[in-house]
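The values are calculated or read from the model by the stated rules, or taken from the named source; none is laboratory data. None of these values were measured; they are calculated from a predicted model. Cβ coordinates were reconstructed from backbone atoms using ideal geometry, including for glycine residues, and neighbour counts include every protein chain displayed. All accessible areas refer to the heavy atoms of the entire protein, side chains included, with ligands and DNA or RNA removed. Shrake-Rupley method; radii C 1.70, N 1.55, O 1.52, S 1.80 Å.
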Amino acid sequence: SACVELGTSIAGGHTEISDAVNRFILTATAVGFASGELIKSNGARPGDSLIMTKTAGLEGTAIIAGDFPDRVSGCLSSDELEVAKSMIDQISVVPEGLCGSKTGVHAMHDVTEGGIMGAAWEMAEAAGLGVEIKRDSILVDDLTLRVCKHLAIDPYRLISSGSMLMATDKPDILLSALASEGIAAAEIGRFTN
């Protein structure tokens, strides 16, 4: 039903080594066909603002809360643990991708392994540019901060699926479009020569 909604096709799967052999793992590769201009992760331009959506460590917080509840029981109440687990429901970046497309962003990159810092570096590297990050501007949920502090994990490098980075020369327009869709976002840096 997700493929029908997004107009994509399932083309294959994925193989990995996992310690989770006692439960099912389902993976698929979905392929969409671009109509119009394709926005890649390597299109940032010098002077572009770097915009992030949602919060750093989104998926990582959900994974830790779901797989290791005993490890975070010292820093989260049982209600907060459930909220942290539910963060997994926010990992689609389709809404912000559509906003980015409509507002003419130069590049987009979903944040996965390596977190916000890793994704920013990947975008800059792909474009042959540098990037300056305003660390204090990066959005991080309080639950993520507490879990990361408790476990001595860097929230800026924690897997952050559900967050999207976008390069734009029109940050106010993009931020306004995201806000109108109810998507938290912040300008966290700028691409440089």
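Filtered by the rule that a residue be in a helix (DSSP H, G or I) and open to solvent by less than 30 Å² (accessible area, probe 1.4 Å), the range 94-124 gives Glu96, Gly97, Cys99, Gly100, Gly115, Ile116, Gly118, Ala119, Ala120, Met123, Ala124. Restricting the range 125-137 to residues that are out of contact with any Phe, Trp or Tyr (no Cβ under 6 Å at 6 or more places or on another chain) and part of a loop (DSSP other than H, G, I, E, B) leaves a set whose member that is surrounded by the fewest Cβ atoms within 10 Å (Cβ to Cβ) is Gly128.
Have a look at Ile63, Ile51, Ile91 and point out the one that is β-branched (Val, Ile, Thr), in contact with an Asp or Glu (Cβ under 6 Å, 6 or more places away or on another chain), touching a residue at least 40 places away in the same chain (Cβ under 8 Å) and open to solvent by 40 Å² or more (accessible area, probe 1.4 Å).
Only one candidate qualifies: Ile91.
One residue stands out among those in the range 15-35 that are touching a Ser or Thr at 6+ places or on another chain (Cβ under 7 Å) and of a type in the set (Val, Ile, Thr): the one that is modelled with the highest pLDDT, which is Val31. Screening Leu81, Leu58, Leu38 for residues that are at pLDDT 95 or above and closer than 23 Å to Ile183 by Cβ leaves exactly one candidate, Leu58.
The condition (being crowded, with 22+ Cβ neighbours inside 10 Å, closer than 20 Å to Glu80 by Cα and not acidic (Asp, Glu)) is satisfied by just one residue among Val140, Val147: Val147. Checking each residue in the range 138-147 for being in a helix (DSSP H, G or I) and either acidic (Asp, Glu) or more than 17 Å from the chain's Cα centre (by Cα) (or both) picks out Asp142, Arg146, Val147.
Rundown of residues vs (1) in contact with a strand residue (DSSP E or B) (Cβ under 8 Å, 6 or more places away or on another chain); (2) without any contact (Cβ under 8 Å) to a residue 60 or more places away in the chain, yes/no style:
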position: Ala152; (1), (2): no, yes
position: Met164; (1), (2): yes, no
position: Asp169; (1), (2): yes, no
position: Ala177; (1), (2): no, no
position: Ile183; (1), (2): yes, no
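Evaluating Asp172 against the criteria (1) open to solvent by less than 30 Å² (accessible area, probe 1.4 Å); (2) more than 22 Å from Ser41 (Cβ to Cβ) leaves one unmet condition, (1).
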